[in-house]
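These notes are about the structure you will find just below.
The values are calculated or read from the model by the stated rules, or taken from the named source; none is laboratory data. What you see is a predicted model; the values in this text were computed from it and never measured. Neighbour counts run over all protein chains shown; Cβ positions are idealised from the backbone, glycine included. Keep in mind that these areas ignore ligands, DNA and RNA; they rest on the heavy atoms of the full protein, side chains included. Shrake-Rupley method; radii C 1.70, N 1.55, O 1.52, S 1.80 Å.
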Amino acid sequence: MSTNASSNPIVRPGGNVTTQNIATKQRAVAFWHTMIGKKIVMAVTGVVLIGFVIAHMLGNLKIFSGPDEINTYSRFLREIGTPELAYGELLWVVRIVLLICVALHITAAAQLTRMSQAARPVGYSVKREVETTFAARMMRWGGVLLVVFIIFHLLHLTAGVVGFQPGQFKHLAAYQNVVAAFTLWPVALFYVVAMGALCLHLYHGIWSMLQTLGWSTARNQRQLKIVARVIAIVVFVGFSSVPVSVWAGWFR
């Protein structure tokens, strides 16, 4: 009696694992292509970026403790993980993760905008104002300004290739570099304006994130908005206090 080969498939070692991996990847891709998937990606990456922003702000405020404190902190960030890791290696891992989060955050935001526009291809004959906030209306342009600021900041106070005279930027001399950078009022003003955009972005972003993750209810909505507003204002004041203090001549 003949046997149909297809009724008795050969099971190869690892075959099930490979099939499961492919199925998982396909589900992940399908999830990414949905609006809710993109919103969740924005929320998760937003949590990572908000955590970094707060930690970075706290680190910057060490400048008020004097040059030794902030310079030691700058050295610590590069030596953490040694000797298991090379000098500055862990810091670069953190930077790469943050850049990936920024890229995913921006990509999801841009694609969500296009999907929303595609869902309403014909504009309204009469444009009506809907209930919104200034922060919500400024999200797009504020996001563009923040991207420009991030690029400038990396080239400025991280790499020292712009905004300094030749030989003026010193590695690990965070205090001296910050004082030299913000003595120029246009640079200090640009940082403060960028922090204003960050404040608005954080307020609306934190509130949207809480809604996406299902933490917002009719009962706690007002309290969560206050929390988002307080975090945004604290971040703005914390970051802006450094360039303002240097430009005002409080640091030498």
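Residues considered: Phe169, Phe149, Phe182, Phe164. Of these, the only one that is among the aromatic types (Phe, Trp, Tyr), more than 28 Å from His204 (Cβ to Cβ) and touching a residue at least 12 places away in the same chain (Cβ under 8 Å) is Phe164. Based on what the data block shows, is Ile226 touching a Cys at 6+ places or on another chain (Cβ under 7 Å) and under 28 Å from Leu112 (Cβ atoms)? No: the conditions fail for Ile226.
Residues of the range 172-216 that are open to solvent by 50 Å² or more (accessible area, probe 1.4 Å), in contact with a helix residue (DSSP H, G or I) (Cβ under 9 Å, 6 or more places away or on another chain) and assigned to a loop (DSSP other than H, G, I, E, B): Thr183, Leu184, Leu213, Trp215.
Selection of the range 53-72 for residues being closer than 16 Å to Pro243 by Cα and of a type in the set (A, V, I, L, M) yields Met57, Leu58, Leu61, Ile63, Ile70.
Thr113: farther than 23 Å from Trp250 by Cα, open to solvent by less than 90 Å² (accessible area, probe 1.4 Å), among the β-branched types (Val, Ile, Thr) and modelled with pLDDT under 95, yes or no? Steps first, please.
Values: farther than 23 Å from Trp250 by Cα: yes; open to solvent by less than 90 Å² (accessible area, probe 1.4 Å): yes; among the β-branched types (Val, Ile, Thr): yes; modelled with pLDDT under 95: yes.
Judged against the criteria, Thr113 is a match.
If the condition is being open to solvent by 20 Å² or more (accessible area, probe 1.4 Å) and either closer than 13 Å to Ile63 by Cβ or part of a helix (DSSP H, G or I) (or both), then the range 150-171 contributes Ile150, Ile151, Phe152, His153, Leu154, Leu155, Leu157, Thr158. The residue that is modelled with the lowest pLDDT, counting only those in the range 37-88 that are open to solvent by less than 50 Å² (accessible area, probe 1.4 Å) and assigned to a loop (DSSP other than H, G, I, E, B), is Gly81.
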